[in-house]
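Data block below; observations after.
The values are calculated or read from the model by the stated rules, or taken from the named source; none is laboratory data. Not measured: the values here are computed from a predicted model. Because the Cβ atoms are built from the backbone with ideal geometry, glycine has one as well, and the counts that use them run over all protein chains shown. For accessibility, only protein heavy atoms count, side chains too; no ligands or nucleic acids. Shrake-Rupley method; radii C 1.70, N 1.55, O 1.52, S 1.80 Å.
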Amino acid sequence: MKSRLRGLLLEALAGARESGELSGSEVPAFVVEVPREQGHGDLASNLAMTLARIERKAPAAIAALLQRRLGDAGGRLEKVEVAGGGFLNLTFAPGAWRERLLEILGAGNDYGTSRVGAGKRIQVEFCSANPTGPLHIGHGRGAATGDAIARVLEAAGYAVDREYYINDAGGQIETLGASVLARYLVMCGIDEPFPENGYPAEYVFDLAREALDQHGRRWVDADRTRAVDDLGREAADKMLDLIRADLAAFGVRFDRFTSERDLQSSGRVQAALDELDRNGHLYTSDGARFMRSSAFGDDKDRPVVKSDGGLTYFASDICYHREKLLAGYDRIIDVWGADHHGYIGRMRASLSALGMDPARLRVVLVQMVSLSRDGVPVRMGKRTGEFITLRDVLDEVGCDLARFFFLSRKSDAHLDFDLELARRQTAENPVFYIQYAYTRIAGIFRQAAEKGIEAPVASAEAVAALRHPDELALIRLLAEFPEIVEGTAESLEPHRVVVYAQKVAGEFHRFYAKHRCVSDDVALTGARLLLVRAVGQVIGRALALVGVGAPERM
């Protein structure tokens, strides 16, 4: 409706200039927006104010001229008012909203999608937990966020690839191997001290038992370095299998898994460093190699090769991001934990040093999650001894509830996830409140079918009975959905879809409490069946964009 009103305003402006009432030729940037206060129309515009300088007239005078030119816009507008400062407040006629309802119904499940992305290629890399343990609830929030971003971007017309970056090289895999070896040796009757920085959780015992079952006492007298390396890689592969299974249970898929170890062993990391070196962006200090990242906006220079010759994580990340941009993506999006905030500057600096546009990288930060039960903190999981796993949460509340709660707030805001609230099937549980709206709509159609009533074919005549302000208010809200999707795709803030779905569900529940959808009035019943069908269509589509189901029965 915003684009329609923009078109009507531009037509009125063109007419005023053709008649000589206005003399300029430039069309300035102007906004069409929902007024902050109710009673100020459906939409408002500052066009007259932006024209004042060009036309050398008072904004109120220009607004009055446009008001006369608009009239009722061929029956589309019910009221055009000039407000203080020259704002135009415009109210659509009921018929315009009924036309919009027919368009919503006609679009079906494609309603809300757009071509704003124009097929541009985007890669979303998210979750990417180190394969040293199970996914915890923080990883779950990152997985839900990245997956929802990918879904919304696809709805907005982008070509999206989902990628998981496996940090399977470096010290953490060595620590995992040393932890498994220590537990393994104790199981073999050998007194072995546990590494100070090791992983003490129960799953490490499980990995050690599996190693003993698979290899027997093979590693008891083996070279320690080789034992740690082999056990670490084997354990990481098993952890990755577990991670994949948890993500599948969470409804999250990836198009590609990229291994840091493969990047290093193939020589591609060294090739990226060689390019930086040739361009004079590396130097040696105290036996280590540094990138001159401070020359590209970072707060200091960063090491890429340690004094012992080992590569830093940053070196692998430089290669990884270089390859993503060389693959032809128009934009790459990384979903990181909020503790990686300081990493953004150095990553963008490395892209600049490689001659690539750092603006092609966008980073979405995800804060950690505090888990509680009726307000009482839940601190540790049974298998980890340190954190709550994603699987623990899925086993208790299921995929839909977990996804919804993870996405209920902006990703960089702290989230308190109350397990008891998530399980409660009451109006205070937001996901139940939304899903129940969808279920209630399915129930309305079952009720109608029991009475032998079918929704009519959508047409102007079929919806002509929709005149009540509450009916039109529902249509106005449904009309916002495409803008919500496009705004979410631009902001990369999927909680916007959740908030919108809550708003639609709330308006529908209030409507249902006041108005009968199936009555003895045949025309009104048919019209309201079409209206609630559109409401269900939008709620179902919004839930799908965040990976949450829309059940017809609960």
Subject >> Karplus-derived HN-Hα couplings along region 16-30 (A = 6.51, B = -1.76, C = 1.60, θ = phi - 60°), whole Hz, x at Gly and Pro >> reply: 5, 6, 5, 7, x, 5, 10, 10, x, 10, 6, 10, x, 5, 9
Original post:
Among 348-356, 308-316, what's the highest-first ranking by average C-beta atoms within 10 angstrom per residue?
Top reply: 348-356, 308-316
Original post:
Against the longest principal axis of the chain, how steep is helix 469-478, in degrees 0 to 90 to the nearest 10, with axes from Cα atoms?
Top reply: 40
Subject >> Peptide ranges 103-110, 38-45 listed from the most packed, as the mean C-beta count within 10 angstrom indicates >> reply: 38-45, 103-110
Original post:
Remind me, relative contact order of region 175-214 in percent, using alpha carbon pairs under 8 angstrom and six or more residues apart?
Top reply: 49
Original post:
What relative contact order, as a whole-number percentage, does the chain give when Cα pairs under 8 Å and 6 or more residues apart are counted?
Top reply: 15
Original post:
So who's got an amide H within less than 5 Å of the one on F417, skipping anything under 5 residues away but keeping other chains? H placed 1.01 Å off N, in plane.
Top reply: S370, L371, S372
**OP:** When you have a sec, figure out the Kirkwood radius of the chain from all distinct Cα pair distances and drop it here in Å to one decimal?
**Re:** 27.4
Original post:
At a probe radius of 1.4 Å, what is the per-residue accessible area of V366, in Å² to the nearest 10?
Top reply: 10
**OP:** Output the relative contact order of region 361-465, whole-number percent, from Cα pairs under 8 angstrom with separation of 6+ residues.
**Re:** 26
Subject >> Heavy atoms of I539 accessible to a 1.4 Å probe, total area in Å² rounded to 10 >> reply: 0
Subject >> Cα long-axis angle, helix 430-450 against the chain (0 to 90 degrees, to the nearest 10) >> reply: 50
Original post:
Along region 356-373, what does the Karplus equation 6.51 cos²θ - 1.76 cosθ + 1.60 (θ = phi - 60°) give for ³J(HN,Hα), rounded to whole Hz, x for Gly and Pro?
Top reply: 10, 6, x, 5, 6, 9, 10, 10, 10, 9, 10, 6, 6, 10, 9, 9, 9, 9
Original post:
Hey, how many Å between the Cα centroid of region 127-163 and the Cα centroid of region 83-118?
Top reply: 31
Subject >> Helix-only CD estimate at 222 nm, as mean residue ellipticity for the chain, using -39500 (n - 2.57) per DSSP H run (n ≥ 4) >> reply: -16000 deg cm²/dmol
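Rounded to a whole number, what % of the accessible area of the chain do carbon and sulfur atoms account for, probe 1.4 Å?
Roughly 47 percent of what the probe reaches on the chain is carbon or sulfur.
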Original post:
So what's the angle, to the nearest 10 degrees on a 0 to 90 scale, between helix 171-187 and the longest Cα principal axis of the chain?
Top reply: 60
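Could you give the accessible area per residue of the chain, probe 1.4 Å, as a whole number in Å²?
With all protein chains present, the chain gives 45 Å² per residue.
Which sequence of D392, D221 reflects their accessible areas, 1.4 Å probe, from the largest down?
D221, D392
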Subject >> Per-residue SASA entry for M49, accessible area with 1.4 Å probe, Å² rounded to 10 >> reply: 80
**OP:** With a 1.4 Å probe and all protein chains in place, put E55, E275 in order of accessible area, largest first.
**Re:** E275, E55
**OP:** Starting with the highest mean, order 205-216, 331-342 by the number of other Cβ atoms within 10 Å, averaged over the residues of each peptide.
**Re:** 331-342, 205-216
